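Asks: My questions all concern the structure below.
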Amino acid sequence: MGPQLPNAGRRRRSATVRCARVSLVATGLSAVVACHPDAPVASVRRPASLQRVSGSGQSAQPGTELARPLIARVVDGDGHPVAGADVRWRAMAGQVTPPTSTSDGNGDARAAWRVGSTPGVQRVMAEVDGADAIEFVAFVDPAALPERLPLRAIPLATYDGSGQAVHPDFLAAPFGGLDDRSRLAITPYPWGNAVMENPSLFAGSEPDGWSVPAGVTNPIVRPDGGYLSDPDLVWDPDARELRLYYRHVAEENRILLVTSRDGVTFSGARLVVRAPSHQIVSPTVVRRSATEWMMWSVNSGPVGCSASSTTVELRRSTDGVQWSAPTTVSLSQPGVFAWHLEVQWIDALGEYWAVFNGKVRGSCTTQALYIATSTDGMTWRTFPSPVLRSGVIPELDDIVYRATFAYEPERDLVALWHSGAQYRNGGYEWRAAYERRRRSDLFETVARAEPAFIARRPRAELDNATAP
């Protein structure tokens, strides 16, 4: 935009203003040009960095165009978007069109990528004058449908070195303040050792894998007596901070909160909810707006794992810190009771989804994962069949536990990160796993009627001392 002049004399000086308005945004340069001693100066924003917005990490068959465009955002040194900058696309394999695209008012430049014919990882570089180039990757696989990725265990470099973990919680990027990689909170759990069950943080994506973010030292928190479990991540765009809720189990159940502005340094723990053990298990938090926060959790009464039944409760908050008393919601799955759950608001569909593993009377060695939907978070619709049963892959042969998920409305896909265990060497070995399905396939599967659920006898029973 040109300089703004006072109303007085604006018509008389318009020619001078036009002369002074020299735009070099497309070249990424900033200039001051004056055609009259009294002419205002004009300056434009200079690109300082490129950011990946979306399009990286897609899967595709050889020679096909990716379902989603590549989007790169140009920002200046203050993080403001730069419009009119020319972003050049350079394909290491395949073809990108157009080869150069101009950033819009949000600073976003777009391009379509038709991948090459060679299977494996392929790359495209995005470049703009004045900033470092960024990379987009695609995973080319002739054997698999681009939309579906089969269930497979994922490696994690846990701080204890075991790679064993439980309680995944996924948070999709971008965050508007951190880097553009999604986050995964999870707790190590080697052979059921609760001492190691401390919330840890990873960054990455489903195809790329997960690594500890630069500057982060896991675990994020450690207990002062008792043990920790059940991490849940939330991004607060108003405060521009990452929130990590988690449970501390000692003489009571306490839900604690730590926050971070940079994703590296976290605040001290703050107590937000407390209840007698084990009456607030697996908290899951949804932020609908700056003043509307919701927390669901499981109440298993004083006996926890060996409880004959459980209920799901909902608390509300205007700031995510001070919470209301709980209200019992209507979520009932025939044959089992909710044990650990994850709830998300699916904005594109106007409904909440919950995934939860189902415990049977007297045991929490769970063997199936279910899904439910709701328009208000109080009354839930469940389905006859599970999303996943134990035994589908060796790593989840005996137990299917807490899961997390992400819905991608552009391609109508659901990604799921699972946790569970197989019984080996006299104990349970805990692992995380990943899959991606079409939404239609997922809900067709769970809608099919099946015989009444009959749990297999667990090879070893979990109790309150060893249950994650």
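The values are calculated or read from the model by the stated rules, or taken from the named source; none is laboratory data. Source: prediction; values computed, not measured. Please note: Cβ atoms are built from the backbone with ideal geometry, for glycine as well, and neighbour counts cover all protein chains shown.
Asks: Could you pull out every one of the strands (runs of 3 or more DSSP E) wholly within the range 212-330 that has 2 or more residues that are over 27 Å from residue 159 (Cβ atoms) and modelled with pLDDT of 95 or more? Even if it seems obvious, please write down each step before you answer.
Replies: Working: elements: 227-236, 241-249, 253-260, 270-275, 281-289, 292-299, 311-317.
Ranges flagged: 270-275, 281-289, 292-299, 311-317.
Asks: Separate question: I'm trying to understand the selection: among the residues of the range 182-211, which are in contact with a Lys or Arg (Cβ under 8 Å, 6 or more places away or on another chain) and part of a strand (DSSP E or B)?
Replies: Those that are in contact with a Lys or Arg (Cβ under 8 Å, 6 or more places away or on another chain) and part of a strand (DSSP E or B): 201, 202, 203, 204, 205.
Asks: Only one of (1) closer than 30 Å to residue 250 by Cα; (2) modelled with pLDDT of 90 or more; (3) not hydroxyl-bearing (Ser, Thr, Tyr) fails for residue 457. Which number is that?
Replies: Here residue 457 meets the rest and fails (2).
Asks: Follow-up. Identify the single condition in (1) under 21 Å from the mean Cα position of the chain (by Cα); (2) outside the structural domain of residue 227 (by TED's automatic domain parsing); (3) of a type in the set (Gly, Ala, Ser) that residue 465 does not satisfy, given that it satisfies every other one.
Replies: The one condition residue 465 does not meet is (1).
Asks: Tell me which of these residue 141 doesn't satisfy, since it passes every other one: (1) surrounded by 17 or more Cβ atoms within 10 Å (Cβ to Cβ); (2) in contact (Cβ under 8 Å) with a residue 60 or more places away in the chain; (3) not aromatic (Phe, Trp, Tyr).
Replies: (1) is the only condition that residue 141 fails.
Asks: So, one more: Among the residues of the range 378-414, count how many are more than 28 Å from residue 430 (Cα to Cα) and surrounded by 19 or more Cβ atoms within 10 Å (Cβ to Cβ).
Replies: Qualifying residue count for the region: 1.
Asks: Additional query: Filter the range 445-454 down to the residues that are out of contact with any strand residue (DSSP E or B) (no Cβ under 9 Å at 6 or more places or on another chain) and either of a type in the set (S, T, N, Q) or at pLDDT 75 or above (or both) and list them by number.
Replies: Within the range 445-454, the subset out of contact with any strand residue (DSSP E or B) (no Cβ under 9 Å at 6 or more places or on another chain) is 447-452, 454.
Once the filter is applied, which keeps residues that are out of contact with any strand residue (DSSP E or B) (no Cβ under 9 Å at 6 or more places or on another chain) and either of a type in the set (S, T, N, Q) or at pLDDT 75 or above (or both), the range 445-454 yields 447, 448, 449.
Asks: Residue 151 - would you say it is farther than 30 Å from residue 255 by Cα, outside any loop (DSSP other than H, G, I, E, B) and touching a residue at least 24 places away in the same chain (Cβ under 8 Å)? Step through it out loud before you land on a result.
Replies: Details: farther than 30 Å from residue 255 by Cα: yes; outside any loop (DSSP other than H, G, I, E, B): yes; touching a residue at least 24 places away in the same chain (Cβ under 8 Å): yes.
When the stated conditions are applied, residue 151 passes them.
Asks: Scan (1) part of a strand (DSSP E or B); (2) over 22 Å from residue 155 (Cβ atoms) for the single condition residue 441 breaks and write down its number.
Replies: Result: residue 441 fails condition (1) only.
Asks: Determine whether residue 171 is over 21 Å from residue 281 (Cα atoms), in contact (Cβ under 8 Å) with a residue 24 or more places away in the chain and of a type in the set (A, V, I, L, M, F, W, C). Walk me through how you get there before you give the answer.
Replies: Working: over 21 Å from residue 281 (Cα atoms): no; in contact (Cβ under 8 Å) with a residue 24 or more places away in the chain: yes; of a type in the set (A, V, I, L, M, F, W, C): yes.
Answer is no for this residue.
Asks: Let me ask you something else. Just to be sure I understand the filter: pairs with C-beta atoms under 8 Å, separated by 6 or more residues or on different chains, first member in the range 385-412 and touching a residue at least 60 places away in the same chain (Cβ under 8 Å) and of a type in the set (A, V, I, L, M, F, W, C), second member surrounded by fewer than 17 Cβ atoms within 10 Å (Cβ to Cβ) and part of a loop (DSSP other than H, G, I, E, B). Which pairs pass?
Replies: From the range 385-412, the pairs are 406/172.
Asks: Could you please let me know if residue 360 is assigned by TED's automatic domain parsing to the domain that holds residue 279, surrounded by fewer than 22 Cβ atoms within 10 Å (Cβ to Cβ), at negative phi and β-branched (Val, Ile, Thr)?
Replies: Considered against the rule, which asks whether it is assigned by TED's automatic domain parsing to the domain that holds residue 279, surrounded by fewer than 22 Cβ atoms within 10 Å (Cβ to Cβ), at negative phi and β-branched (Val, Ile, Thr), residue 360 comes out as yes.
Asks: A further question follows. Which ones in the range 316-332 are surrounded by fewer than 22 Cβ atoms within 10 Å (Cβ to Cβ) and under 16 Å from residue 281 (Cβ atoms)?
Replies: Scanning the range 316-332 gives 323, 326, 328, 329.
Asks: Does at least one position in the range 184-199 carry a residue that is surrounded by fewer than 16 Cβ atoms within 10 Å (Cβ to Cβ), more than 26 Å from residue 267 (Cα to Cα) and not small (Gly, Ala, Ser)?
Replies: Checking the range 184-199: not a single residue is surrounded by fewer than 16 Cβ atoms within 10 Å (Cβ to Cβ), more than 26 Å from residue 267 (Cα to Cα) and not small (Gly, Ala, Ser).
Asks: Moving on to the next point. What residue, among those in the range 415-442 that are farther than 28 Å from residue 457 by Cα and not polar (S, T, N, Q), is surrounded by the most Cβ atoms within 10 Å (Cβ to Cβ)?
Replies: Looking at the filtered set, the residue picked out is 436.
Asks: Are any residues in the range 409-453 hydroxyl-bearing (Ser, Thr, Tyr) and under 18 Å from residue 354 (Cα atoms), and if so, which ones?
Replies: Scanning the range 409-453 gives 419, 434, 440, 445.
Asks: Next question, about the same structure. Can you tell me how many residues in the range 393-409 are part of a loop (DSSP other than H, G, I, E, B) and over 17 Å from residue 441 (Cβ atoms)?
Replies: 5
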